[in-house]
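Colleague: My questions all concern the structure below.
The values are calculated or read from the model by the stated rules, or taken from the named source; none is laboratory data. Keep in mind it's a predicted model, so treat the numbers as computed, not measured. Methodologically, a virtual Cβ is constructed for each residue, glycine included, from the backbone with ideal geometry; neighbour enumeration extends over all protein chains shown.
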Amino acid sequence: MAESDNIATYPTPAGELDERTSCGPNLEYDADFLALEELMRGKPEVQYGKTIVAAVEPEWKAVESLATALLERSRDLRIACPLLRASLALHGLRGLADGVTLIDKLLTEHWDDVHPQLDPTDDMDPTLRVNSLAMLADGDAVAGAVKDMLLLTLPGVGALTVRELEVANGDLTPRPGSDKHTMSTLERAIGELAPAPLEQAASDLRHAHGKALAIEALLMHKLGAVNALNLGPLTRPLKRGLDFLDAELARRAALLPQTVAGPSGAVTQSVPDGAIASRADVLRMLERICAYYTQSEPSSPVPLLLDRVKRLVPMNFLEAMQDLAPDGVRQLLVVSGSCEDAAER
């Protein structure tokens, strides 16, 4: 899957559909499903006498390719979770955001039918379903990889990760041979970063964190506290990274210039604090609002909605309508007499 692809737009199952369920057949004994499980094992560490052969990670491109193909046949969390893990390994933060979106969508839209299904012979026991999601909170799987996921490349520092933040804060000891940066060093470095990568990383982190919280809340609602999965090992590092980026966004927002150029470019006029004079100001203001909710009301859905609003900012009316309600655009074109354009769309 290319980095620009969005795995949240998962394929509709086709071909081997089971008429009894909207999610296709249970593929757990299918040869390709078993091959995916084998791929996910990678190669464990092996010791021959005094010689230790290091473990080898799975071939993530092969995992991604096979999982994507399997999702065309069946909607299954045991396929979606390996796809998320592969997407995280191959595409980083954006891959993680897409992966948790996919899982949230499967659970939200297909709770009754998504595989593995609740056990109807054992009072709808959810054990298999919860176990299929366990890698999200596993320190040796998704949750662990998130700590080492690249958030940003900082000037003079290099890779910024959640692990780097935890080491700088004194919560973790640095790995042998790795540099230890102080928090003030990281804060100075991110202050020199261009706005675009900072805003994109914050948006992706906020999206991933929000979807992970939504998955946890849905499981709690559907299964109760006893059976639900604790996704704290995943949400906490995401929140740690997001807080650091949001603090820098808030610092920059507070330093927004108080003057704007006049029409001729030679005259400036005073603008009230918080005034909006351009689309760039709109985006900055939306980021400030998102930062507030993330820090003060982390359970609020507002940041998720504003992420979509930010995408609409540069669009014209028709582009925005196409994004929000594609069917509405076609009807509008028909009503306005642009039948030929409507047919092309």
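Colleague: List the number of the failed condition for Arg308; all other conditions in (1) modelled with pLDDT of 70 or more; (2) touching a helix residue (DSSP H, G or I) at 6+ places or on another chain (Cβ under 7 Å); (3) of a type in the set (Lys, Arg) hold.
Modeller: (2)
Colleague: Taking the options Val146, Val157, name whichever one is assigned by TED's automatic domain parsing to the domain that holds Glu57, among the hydrophobic types (A, V, I, L, M, F, W, C) and at pLDDT below 95.
Modeller: Working: Val146 fails: at pLDDT below 95.
On inspection, the qualifying residue turns out to be Val157.
Colleague: Only residues that are under 14 Å from Leu242 (Cα atoms) and of a type in the set (A, V, I, L, M, F, W, C): list them for region 141-158, please.
Modeller: Result: Val146, Met149, Leu150, Leu151, Leu152.
Colleague: Next up: Given the structure, is Ala134 over 16 Å from Ala189 (Cβ atoms), under 23 Å from the mean Cα position of the chain (by Cα) and in the same structural domain as Leu88 (by TED's automatic domain parsing)?
Modeller: Working: over 16 Å from Ala189 (Cβ atoms): yes; under 23 Å from the mean Cα position of the chain (by Cα): yes; in the same structural domain as Leu88 (by TED's automatic domain parsing): yes.
The answer is yes for Ala134.
Colleague: While we're on this one: Only one of (1) buried (at least 23 other Cβ atoms within 10 Å of the Cβ); (2) touching a His at 6+ places or on another chain (Cβ under 9 Å) fails for Arg206. Which number is that?
Modeller: Against the list (1) buried (at least 23 other Cβ atoms within 10 Å of the Cβ); (2) touching a His at 6+ places or on another chain (Cβ under 9 Å), Arg206 comes up short only on (2).
Colleague: Report yes if Leu229 is outside any helix (DSSP H, G or I), surrounded by 18 or more Cβ atoms within 10 Å (Cβ to Cβ) and of a type in the set (A, V, I, L, M, F, W, C), otherwise no.
Modeller: yes
Colleague: I would also like to ask the following. Could you look through region 271-298, keep only residues that are in a loop (DSSP other than H, G, I, E, B) and among the acidic types (Asp, Glu), and pick out the one that is modelled with the lowest pLDDT?
Modeller: Restricting to residues being in a loop (DSSP other than H, G, I, E, B) and among the acidic types (Asp, Glu), the top hit is Asp273.
Colleague: Further, regarding this structure: From Asp98, Asp112, which residue is assigned to a loop (DSSP other than H, G, I, E, B) and either touching a helix residue (DSSP H, G or I) at 6+ places or on another chain (Cβ under 8 Å) or free of Cβ contacts under 8 Å to residues at least 24 places away in the same chain (or both)? I'd like the intermediate steps shown before the answer.
Modeller: Numbers: Asp98 fails: assigned to a loop (DSSP other than H, G, I, E, B).
The match here is Asp112.
Colleague: For region 45-85, which residues satisfy the criterion of being of a type in the set (Phe, Trp, Tyr) and within 21 Å of the chain's Cα centre (by Cα)?
Modeller: The one that is of a type in the set (Phe, Trp, Tyr) and within 21 Å of the chain's Cα centre (by Cα): Trp60.
Colleague: Tally up the residues in region 149-200 that are among the aliphatic types (A, V, I, L, M) and either farther than 20 Å from Ala291 by Cβ or touching a Ser or Thr at 6+ places or on another chain (Cβ under 8 Å) (or both), please.
Modeller: The qualifying residues number 9.
Colleague: Would you check if there is a residue in region 199-213 being in the same structural domain as Ser300 (by TED's automatic domain parsing) and either aromatic (Phe, Trp, Tyr) or over 25 Å from the mean Cα position of the chain (by Cα) (or both)?
Modeller: Looking through region 199-213, none of the residues is in the same structural domain as Ser300 (by TED's automatic domain parsing) and either aromatic (Phe, Trp, Tyr) or over 25 Å from the mean Cα position of the chain (by Cα) (or both).
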